[in-house]
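A short worksheet on the structure shown next.
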Amino acid sequence: MRNQIYSLALVQSGPLTITAKGPGEPALLRVCNGIRKEASSVYYTANDFELLMDEYNGAALTPFYGQYRRHEFNRSLEKSENGNVVMMLRGPPNFKNLVAWIKDYHLWTNRLAPVLDNPYGASDYIVKAAFDIEKAMIRCTWSEVEKALQAMQHAMKGTCSPWGRDEDDEHDDEFH
């Protein structure tokens, strides 16, 4: 009976769009610990979620993904590698955000990564390559991974790729 009430209060017919700015968890999940324990699994397993990574800011969504992963075992139907979560990368390339996201991926157990089995476009290939570097260096320290990612960005500086731009690099316009 309680799960039916929680479903009426927490489950939406369409996907819930999650961005770095919100929405946060529903108010019902913040009422008390007892309700949170009972209702969280309904919220996280019965809804579909769209994670919008503006400017490749995946690190901002790591806390949401951590909450989601706590309830992942309750899912009865896998919809994708990330369950009932669809990730959408959008906005202009931002290598600083990508590096912060890969750092979260490297250091946290709640590993939120894009599913790029079939990359589409240059940005998908670059994001996939950056995550592949981290996966190849999984046993390395973060500073070693970060140096490899900096080398990757440095290699892109001489190309037309916006991924090679630094916000603090005065000479970016010389190459682009």
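Key figures
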{"read-out": "Most positive-pole-ward Cα, Gly66, Pro119, Met156, against dipole of the chain from beta carbon charges", "value": "Gly66"}
{"read-out": "Computed E for Ile133/Ile5 - FRET, C-beta separation, R0 45 angstrom, nearest 0.05", "value": "0.45"}
{"read-out": "Tally of Lys pairs whose C-alpha atoms are under 19 Å apart, taken over the chain, 8 or more apart or cross-chain", "value": "12"}
{"read-out": "Which label in [x] 1, 8, 15, 18, 17, 13, 10, 7, 5, 3, 2, 0, 0, 0; [y] 1, 9, 19, 24, 22, 14, 6, 3, 1, 0; [z] 1, 8, 13, 15, 13, 10, 6, 4, 3, 3, 3, 3, 3, 3, 3, 3, 2, 1, 1, 0, 0, 0, 0 gives the computed P(r) over Cα pairs in 5 Å bins from 0, in percent", "value": "[x]"}
{"read-out": "Lys, Arg +1 and Asp, Glu -1 on Cβ, resulting dipole of the chain about Cα centre, debye, nearest 20", "value": "1100"}
{"read-out": "Whole-Å distance, taken between Cα centres, linking segment 112-155 and segment 1-63", "value": "29"}
{"read-out": "With at most 14 other Cβ atoms within 10 Å, longest stretch of the chain clear of loop GluC sites (Glu not before Pro) (DSSP)", "value": "82-166"}
{"read-out": "Computed over segment 2-175: relative contact order in percent, which uses C-alpha pairs under 8 Å that are six or more apart", "value": "18"}
{"read-out": "Net lengthening on full extension, Ala148/Ser13 (0.36 nm per residue, minus Cα-Cα)", "value": "44.3 nm"}
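We did not get these values from a lab; they are worked out from the coordinates using the rules stated. Here the structure is a predicted model, which means the values were calculated and not measured. All Cβ positions, even for glycine, are placed from backbone atoms using ideal geometry, and neighbour counts span all protein chains on display.
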